[in-house]
Amino acid sequence: MDFQSHQDQARQGTTRLIILLVMGITAIVAIVTAILTGVMLYASGEVLPLQAFSVAAPVTTIGIVGTSLLKSNQIKGGGGSYVAASMGGRPVDFNTLDASEKQLANVVEEIAIASGMPVPAVYVLDEEPGINAFAAGWSADNAAIGVTRGALQQLNRRELQGVIAHEFAHIANGDTRVKTRIIGWVYGIAIITVIGRLLLHHLWWAPRSRNNRDNNNAALVIMAAGVALLIVGWAGTLFAQMIQAAVSRQREYLADASAVQYTRDPSGIGEALMKIGGMGSGNKVRAAHAAETNHLFISSAMTSVFASHPPLKDRITRLLPQWNGEFPAPQQVAEAPSSGRRAPAGGRSGRPAGRPQATWGGALPAQVAIPGLPVDPMVIAAGGSSRTSSFTPPAPAQPQATSARPPVNGARQYGPPTFDGPTQDHIEHAQNLLARIPEPTQNFLHTRQGAVAAVVGALASDDPSIRPQQLALAAQATFLDVGYLDAAGRVITDLDRPLQLPAIDIALHSIRETPYDFKRSLVATIAAMGGAGDVDDLFRWILRRVMLRHLEAETDTGDRRHTVNLGGRLDDAITVYATLARYNSSGQGQADAAFGAALAQIGVAHTPLPAAQPDQFPRLDAALDRLGDLDRQARQDFVAGATAVVMHDNRATADEAELLRVVADAVGLPVPPLLPA
């Protein structure tokens, strides 16, 4: 699957949607004009269509556009989480003791890490007994996935994995950006129907009086207005459904195919769709906003004239050609195992049979409240005292060196990256990585307070002349104790190097759940901590880059233009390639050769490797920021050059693998984790 081309197609499809929107507004204006002409005829005895149109056109258009903009601005501020909450969704605590929700959280984390994307917010629609799911948001950084309670109760893990993979495909392919934007449009042109229903509802429940002619006349006027608005709204609803159908039908087929690519198991998503078909009309979503969000769901959330989704039988037949055409009767699956993450399938060398057990080596940290940040009731889920300030991080899964940061070049080698999305190998690799992170460590990082403390503590320099100053700065911004931050940072830095980036992904998800103002303050603190010391510390640059990139991207609405070719950013590309070359696994003696491999890949004549600068990481940050404007082909060419640097000696270390993923992520090209060679 070509991630970038699918995003381009998603944007190009917007033109057709705008045409449908304009047609819908035009139809509504025409009906309003006709009704208003009739009213004028009744009142004055004259046919005045031009006068009626002069009133109907601006009032109707302003009303529809204004309502659409209002709704879109509400969504713009909250992203996918706003949409999920408006549907009655409840955010899932990843430290939940509910077995089915824990299984859902585990599946989401695995697919996120396998696809190189941020872990999205996850919501459960408790009041929905049907089997359904959706993804919403402007970008991967503010996306949310919602799952109905019925899906958790009636899908097994394999089927749930297929459904979640389907929703991740929508996020990766750029579908959620278009679908989220359409919510406002649909709401705008369907609002007239809502107003008509409210008027009739008010009339039905209003007190009646047989002897009051004025009241009866007013009731007749309200009834006439309500019926007229329902007639007008019918056209709006019709075109709203046409817009939803236009945006959903082909993209559902694509997301189904992507789910199979991710899991290499067509029966997972296929059997989930069979169960949806078996629910029949009982699968409809009951939430108040189901009408305008119908196109978001994996299957139609409501009955409509224009089907917003392809027929279930067609989708299942594409996935499972041998299917007999029968939908199974719905029945609840056995309760998910309370142990949480499923052990990866055995048979592969190096994959543990289950999640490794680890215990805390001492007393647990005090629960320090952050103003504006609710204290997590399960800040630590591993037992022990919660009132002592002394803290020893969880024991690592394997013995570690005494240094807080592993050597620059890890010993393990990795194969070349893939840019076509994850496969089952990547999902199994993600499961393996997560299984190697001790469960108490995961529990700690799943809390907002623990994630904040671990990240800012890990960012503090190892240099004893700098570390106290940085920890004091972080303590002032987070209202956490310096000693707590100092110890919490080791939760990440004491892990094996290949486990650190997945641990950061876990922490990032928790940090995204903190209040907006706190996140803005945290961004400023992380940036300030990078202003002094450790100018050559690759790990801390990666951590800082990942945190700043994704926290700042939460407000991204997909409006940034990507129109620059690689020639227009060649100097920035060279800056990135030179930095990568200096960290090549073959040593400094091969740096120039690695740099030359990148230039050859993008068709540029070889030049000597530029000399290292004291401010190489600030230069690298600035270069990556500007490279974010590259167009689709230029992004692929640029990352291909970065890959040539890393793989010039036919191997990649953990450091190189992390660097390559961070560089690709900076230009909006998610890369699944590199697989061990």
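Some observations on this one:
- Accessible area (Å², per residue) of the stretch 223-269, counting only protein heavy atoms and a probe of 1.4 Å: 34
- Fraction of accessible area attributable to carbon and sulfur, the stretch 1-156 (%, probe 1.4 Å): 67
- Based on protein heavy atoms only, the stretch 459-554 ends up with 33 Å² per residue of surface accessible to a 1.4 Å probe.
- Protein accessible area in the stretch 247-329, 1.4 Å probe - carbon and sulfur %: 55
- Across LYS71/LYS102; LYS76/LYS519; LYS284/LYS313; LYS71/LYS519; LYS76/LYS102, pairs whose alpha-carbon gap is larger than 21 Å: LYS71/LYS102; LYS71/LYS519; LYS76/LYS102
- Protein accessible area in the stretch 479-525, 1.4 Å probe - carbon and sulfur %: 55
- Solvent-accessible heavy-atom area per residue, rounded to whole Å², over the stretch 78-198 at 1.4 Å: 20
- Computed over the stretch 112-189: relative contact order in percent, which uses C-alpha pairs under 8 Å that are six or more apart: 30
- Kirkwood hydrodynamic radius computed over the stretch 88-174 comes to 12.7 Å, based on all pairs of distinct alpha carbons.
- Distance from the Cα centroid of the stretch 458-476 to that of the stretch 606-640 is 29 Å (rounded to whole angstrom).
- In loop segments of the stretch 554-632 as defined by DSSP, the trypsin sites (Lys or Arg not before Pro) with at most 16 further C-beta atoms inside 10 Å of their C-beta are ARG560, ARG561.
- Our compactness index for the stretch 3-148, the C-alpha radius of gyration over the empirical 2.2 N^0.38 Å, is 1.55.
- A crude spin-label estimate for the pair GLN590 and GLN613, with each label 7 Å from Cα along the Cβ direction, gives 2.7 nm.
The values are calculated or read from the model by the stated rules, or taken from the named source; none is laboratory data. This one's a predicted model, so the numbers in the text were calculated from it and none came from an experiment. Backbone-built Cβ (ideal geometry, glycine too); neighbour counts: all protein chains shown. With ligands, DNA and RNA removed, areas are computed over all heavy atoms of the protein, side chains included. Shrake-Rupley method; radii C 1.70, N 1.55, O 1.52, S 1.80 Å.
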